[in-house]
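The values are calculated or read from the model by the stated rules, or taken from the named source; none is laboratory data. What you see is a predicted model; the values in this text were computed from it and never measured. Every residue, glycine among them, receives a Cβ derived from its backbone with ideal geometry; neighbour counts consider all protein chains shown.
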Amino acid sequence: MEEFSYLHLGEKVDPDKYLICTYRITTDLPMKKAAESLAAEQTTGTWTGISTLERKTFEKYGGRVIGIDGNVVTLAYPVADFSMDVGAVPQILSIIAGNLFGLHSIDKIRLEDAFFPKSIRKEFPGPRFGIAGLRKILKRPEKPLVGTIVKPKIGLSPKDTAKYVYESGKGGLTNSKDDETLVNQKFCPLEDRTVAIAESLDKLKSEGHRMLHAINISTSGHKIIEVAEKAQAWGAKQIMVDVLTAGFAAIQALAEDRSIKVPLHIHRTMHGAMTRDPLHGIAMLPIAKLCRMCGGDAVHVGTLGIGKMEGDPSGDRDNIDSCFDRSVGYKTVMPVCSGGVSPGMVDRIIEAAGSMDVQIQAGGGVAGHPGGVRKGAMGMSQAVDAAFLGIPLDEYAKTHPELKIALELWGYR
Ligand code: RUB
């Protein structure tokens with residue numbers, strides 16, 4: 001039986017003809033052998049030689065290991081391996097992030113990054129609104145967006161949720177959102193909640209304040225468009241999808257369906273199962289890139305190691321930079337920094353993000369304010385204003401009591 005080598009170390013491949021991925025590998029095997037078993041499993045091979053693989057098939061569809069740098073392997077997949085009309089992200093992931101995680105020969109493996117060629121990118125819509133579109137809707141050209149996650153996550157009635165949103169807007173927030181676990185439970189039906197929140201947003205607008213609230217419509221694939229259409233008809237101005245539980249295809253369906261005319265907020269609940277182990281799983285970077293490709297307008301990317309969720313500052317910064325990367329030909333995406341945020345962290349987050357194009361959100365950091373939601377929202381928006389103006393938060397707090405109380409309660413620096 002003919003033997004094939006997947007090693008093409010040092011080869012320069014045309015980035016328009018290959019989907020190129022980097023993997024961090026932990027193994028007792030020589031790295032070349034591990035890389036070959038990875039390339040074989042994900043493309044034309046399996047655990048043994050096979051009589052059915054001909055050289056011409058191997059040459060056309062075989063993965064190419066083009067780099068090994070310590071424990072990081074670069075693998076180029078020919079575009080012909082991908083099925084774009086039927087297949088799309090589920091099929092792309094089966095190749096670049098499929099069986100490989102379970103191979104015995106590889107103890108641990110992490111997909112660190114993925115570079116999608118133009119021929120694949122053009123099959124995806126990218127965001128319809130993106131940063132510029134969101135800023136336009138909110139009439140907020142420069143300052144970071146500042147939001148809240150309605151807390152408690154579950155249990156509030158539609159009326160109380162709408163009141164929370166209104167109070168947040170009165171406190172200066174530009175965004176609010178359902179949490180990932182709220183969809184259509186009996187205590188807060190989607191229709192009643194959406195209608196009540198739309199009234200709050202309209203009232204705020206009539207009082208001169210623009211605000212968006214993302215309604216979580218995460219559901220089964222066969223229902224997602226219908227539910228989104230209903231939410232829109234009930235007055236939703238933005239919709240939210242839990243991308244890893246609903247699937248990337250859910251974002252793409254919503255972004256490509258012309259009846260959906262509102263921006264998409266992408267939550268990443270469950271990502272820790274993939275992103276948390278630095279040696280195994282899938283880094284947030286390729287997930288963020290896929291969310292953008294599929295049409296997310298705002299994507300959760302982490303709090304740069306500052307909030308309640310595990311995350312490393314440089315990895316989160318890479319996620320943010322990928323939202324702004326213009327070379328991919330899509331509109332830029334609003335990176336959302338959320339999770340355990342309080343006003344005293346805002347300037348550090350903005351500094352670490354390296355941009356004013358961020359949406360900073362706080363749930364507990366708003367609802368936990370001793371003065372209530374409105375004052376909590378004021379504390380958050382004052383922190384964003386101070387950071388935008390380059391004034392230290394403790395200095396700004398001297399004339400802004402809501403911020404002062406927040407800093408006293410949750411700390412600063
Ligand atoms: C926020 C919250 C969100 C996290 C998710 O509430 O729980 O679900 O933002 O994190 P709070 P990530 O502000 O009270 O912590 O954005 O990293 O996925």
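Take VAL336 and tell me if it is within 7 Å of the ligand (Cβ to nearest atom) and either in a helix (DSSP H, G or I) or over 14 Å from the mean Cα position of the chain (by Cα) (or both).
no
Based on this model, can you work out whether THR269 counts as surrounded by fewer than 24 Cβ atoms within 10 Å (Cβ to Cβ) and touching a Phe, Trp or Tyr at 6+ places or on another chain (Cβ under 6 Å)?
Details: surrounded by fewer than 24 Cβ atoms within 10 Å (Cβ to Cβ): yes; touching a Phe, Trp or Tyr at 6+ places or on another chain (Cβ under 6 Å): no.
Considered against the rule, which asks whether it is surrounded by fewer than 24 Cβ atoms within 10 Å (Cβ to Cβ) and touching a Phe, Trp or Tyr at 6+ places or on another chain (Cβ under 6 Å), THR269 comes out as no.
Quick check, is SER322 surrounded by fewer than 19 Cβ atoms within 10 Å (Cβ to Cβ) and either part of a helix (DSSP H, G or I) or assigned by TED's automatic domain parsing to the domain that holds PRO278 (or both)?
Details: surrounded by fewer than 19 Cβ atoms within 10 Å (Cβ to Cβ): no; either part of a helix (DSSP H, G or I) or assigned by TED's automatic domain parsing to the domain that holds PRO278 (or both): yes.
Judged against the criteria, SER322 is not a match.
Check VAL241, VAL262 and return the single one that is assigned to a loop (DSSP other than H, G, I, E, B) and modelled with pLDDT of 95 or more.
Details: VAL241 fails: assigned to a loop (DSSP other than H, G, I, E, B).
Among VAL241, VAL262, only VAL262 is assigned to a loop (DSSP other than H, G, I, E, B) and modelled with pLDDT of 95 or more.
Say whether the condition of being within 16 Å of the ligand (Cβ to nearest atom), part of a loop (DSSP other than H, G, I, E, B) and in the same structural domain as GLN252 (by TED's automatic domain parsing) is met by at least one residue in the range 140-147.
For the range 140-147, residues within 16 Å of the ligand (Cβ to nearest atom), part of a loop (DSSP other than H, G, I, E, B) and in the same structural domain as GLN252 (by TED's automatic domain parsing): present.
Is it the case that the range 73-81 has a residue that's of a type outside the set (A, V, I, L, M, F, W, C) and closer than 23 Å to ASP277 by Cβ?
Going through the range 73-81, the residues of a type outside the set (A, V, I, L, M, F, W, C) turn out to be 74, 77-78, 81.
Applying the additional criterion that residues be closer than 23 Å to ASP277 by Cβ yields 74.
Yes, because at least one residue in the range 73-81 is of a type outside the set (A, V, I, L, M, F, W, C) and closer than 23 Å to ASP277 by Cβ.
Any residue in the range 182-205 that is within 16 Å of the ligand (Cβ to nearest atom) and touching a Gly at 6+ places or on another chain (Cβ under 8 Å)?
Filtering the range 182-205 for residues within 16 Å of the ligand (Cβ to nearest atom) gives 182-183.
Next cut, touching a Gly at 6+ places or on another chain (Cβ under 8 Å) only: none.
The answer is no, given that none of the residues of the range 182-205 is within 16 Å of the ligand (Cβ to nearest atom) and touching a Gly at 6+ places or on another chain (Cβ under 8 Å).
Output the number of the condition that MET356 fails; it satisfies all remaining conditions of (1) within 23 Å of ALA283 (Cβ to Cβ); (2) at pLDDT 95 or above; (3) part of a loop (DSSP other than H, G, I, E, B).
Failed condition: (1).
Residue-wise test of (1) at pLDDT below 95; (2) buried (at least 20 other Cβ atoms within 10 Å of the Cβ); (3) farther than 27 Å from GLU180 by Cα.
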position: PRO313; (1), (2), (3): yes, no, no
position: ASP318; (1), (2), (3): no, no, no
position: VAL346; (1), (2), (3): no, yes, no
position: HIS369; (1), (2), (3): no, yes, no
position: ALA386; (1), (2), (3): no, yes, yes
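Please name all residue pairs, on different chains or six or more residues apart, with Cβ atoms under 8 Å, provided the first residue is in the range 272-285 and is surrounded by 13 or more Cβ atoms within 10 Å (Cβ to Cβ) and the second residue is modelled with pLDDT of 95 or more and in a loop (DSSP other than H, G, I, E, B).
Qualifying pairs under 8 Å: THR275/ALA283; ILE282/ALA97; MET284/ARG268; MET284/VAL301; MET284/GLY302.
Within the range 273-328, track down each residue that is within 29 Å of LYS136 (Cα to Cα) and acidic (Asp, Glu).
Within the range 273-328, ASP297, ASP316, ASP318, ASP321, ASP325 qualify.
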